[in-house]
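The values are calculated or read from the model by the stated rules, or taken from the named source; none is laboratory data. Because the structure is a prediction, the values reported are computed rather than measured. Glycine also receives a Cβ, built like all others from the backbone with ideal geometry; neighbour counts cover every protein chain displayed.
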Amino acid sequence: MSKNKNFCKESKSLLKEKLLYFLGEQFKLRIKKNIGKLNNVHLLNNMRINIARIKTLIREK
């Protein structure tokens, strides 16, 4: 996944699009986890961290 420095260069509208994408992916991962088909549970945590990073950058701009 991307770090903060990769997200900083992007515009606010692009960050909002990425936020919606990551929220959708997080939802899909949660469903897979509840069904028992998610083998890489760390992906859920990484997604949550990226969502927090994007929300912080949107708030700063």
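Each residue in segment 1-30 was checked for being surrounded by 11 or more Cβ atoms within 10 Å (Cβ to Cβ), farther than 12 Å from Ile51 by Cβ, at pLDDT 75 or above and of a type outside the set (Lys, Arg), and 3 pass. Does segment 39-49 contain at least one residue that is surrounded by 10 or more Cβ atoms within 10 Å (Cβ to Cβ), touching an Asp or Glu at 6+ places or on another chain (Cβ under 8 Å) and assigned to a helix (DSSP H, G or I)? Taking every residue of segment 39-49 in turn, at least one turns out to be surrounded by 10 or more Cβ atoms within 10 Å (Cβ to Cβ), touching an Asp or Glu at 6+ places or on another chain (Cβ under 8 Å) and assigned to a helix (DSSP H, G or I).
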